[in-house]
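Working notes, structure below.
The values are calculated or read from the model by the stated rules, or taken from the named source; none is laboratory data. Owing to the predicted nature of the structure, the values given are computational and were not obtained by experimental measurement. FYI the Cβ positions are ideal-geometry reconstructions off the backbone, even for glycines, and counts take in every protein chain you see. Only protein heavy atoms, including side chains, enter the accessible area calculation; ligands, DNA and RNA are left aside. Shrake-Rupley method; radii C 1.70, N 1.55, O 1.52, S 1.80 Å.
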Amino acid sequence: MSNLIIIGASGHGRVIADIARLYGYEEICFLDDNTEITSLGNYEVIGTTADIENVDGDFFVGIGDPKVRKNMMEKLEQNEKSIPILVHPSAVIGEDVTIEKGTVVMAGAVINPGTSIGQGVIINTSSSVDHDCKITDGISLTQSHYIEKLITKILSQIKQIPLKREEFKNLKKVVMIALAYTKTLQETKFQEKN
């Protein structure tokens with residue numbers, strides 16, 4: 001397999017490199033606009049994004065920010081660079097799932113049948129995508145997205161359960177606390193990144 005150049009020498013990029021190594025890439029390096037970074041783990045940073053035109057190989061955007069990821073994907077396409085799909089060997093992919101270029105599916109993720117996943121998507125570790133879903137370009141899914149969706153669905157169904165008024169209030173309170181907890185987890189993850 002050819003070499004892989006990952007744009008973005010950060011924690012996310014390092015996970016991409018690990019998946020790429022398991023996927024069969026033997027030579028992996030990075031481009032990063034922070035010129036103070038010269039390596040990431042065992043991988044060399046060989047230049048900045050200004051060097052895209054001068055480097056040959058497959059390219060992958062290892063940047064979590066969706067706007068930056070989209071811009072880098074467009075730059076790679078303008079330069080007619082090859083952009084693979086990377087899937088960790090422990091991920092479970094159902095039949096007739098479509099996955100577009102620049103998407104990474106991380107360890108332990110499950111994507112059920114009939115799902116279509118766009119370009120530049122991140123399906124994070126242990127995330128689950130149910131059957132017949134459409135995940136559009138640039139989305140980043142985490143395990144907490146599934147939990148939030150489930151809790152929201154439960155909350156919408158509570159009104160259909162024959163409960164006494166006090167039982168309904170207590171159940172609704174528990175569900176709202178769980179929903180607030182998942183939102184707090186997501187906010188914490190966002191703050192940690194910034």
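Looking at segment 143-159, is at least one residue at pLDDT below 85, open to solvent by less than 90 Å² (accessible area, probe 1.4 Å) and within 29 Å of I6 (Cα to Cα)? Yes. Summed over segment 48-85, residues that are surrounded by 13 or more Cβ atoms within 10 Å (Cβ to Cβ) and on the phi > 0 side of the Ramachandran plot total 1. Considering only residues that are at pLDDT 95 or above, surrounded by 15 or more Cβ atoms within 10 Å (Cβ to Cβ), out of contact with any helix residue (DSSP H, G or I) (no Cβ under 7 Å at 6 or more places or on another chain) and not hydrophobic (A, V, I, L, M, F, W, C), which ones fall in segment 95-119? Within segment 95-119, E100, K101, T103 qualify. Considering (1) of a type outside the set (A, V, I, L, M); (2) open to solvent by 80 Å² or more (accessible area, probe 1.4 Å); (3) closer than 24 Å to V121 by Cβ, the lone condition that G24 does not fulfil carries the number (2).
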